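Each reported figure results from applying straightforward, stated rules to the coordinates on display, with no laboratory input. Not measured: the values here are computed from a predicted model. Glycine also receives a Cβ, built like all others from the backbone with ideal geometry; neighbour counts cover every protein chain displayed.
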Amino acid sequence: MSILLCVILAGRIVRHYLLLGAPGEWKSELLFEKYLPELPVEIIEEPPPEGPFLINETTADTLCFIKGVGPVLAARIIAYRDSVGPFQNKDDLQHVKGVGPSLSQRIVEKVLFQIAEASSSSCADSCR
């Protein structure tokens, strides 16, 4: 019993003087930190996509990279596209709430209005 009490007391003393500072916070430099090698950390940031984006296939996150388009407006553009159908030209953009002529022009510079056509060939044609 006395050995267990000594081990617990020794552990508390080591924790208090070696690992914890005076106010009870962790010391900034741990005991063996100076002996450990410093690991190199390389932060790689990808540049944002510049476009042009296919407006009928892009996501709201991608539309947010266009200056003047935030998450709310991007969600409106996607919702309009899902409810009405694909955008045919730049005039269709102005039907979205919050898109006026000047913002429409800015968006048009970064998007393409290509409509994805369904593949008319079947596997029977391509597997011959």
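Distance between the modelled labels on residue 67 and residue 13, one decimal in nanometres: 6.8 nm (7 Å Cα→Cβ projection). Under a Cβ-Cβ cut-off of 13 Å, what is the net charge of the residues other than residue 66 that fall near it, where Lys and Arg count +1 and Asp and Glu count -1? Result for the neighbourhood of residue 66: 0.
Note down the Stokes-Einstein diffusion coefficient of the stretch 53-112 in µm²/s, whole number, using a Kirkwood radius over alpha carbon pairs, 37 °C, and 0.692 mPa s. Walk me through the numbers before you get to the answer.
Working: Rh = 11.1 Å.
In µm²/s, the coefficient is 296.
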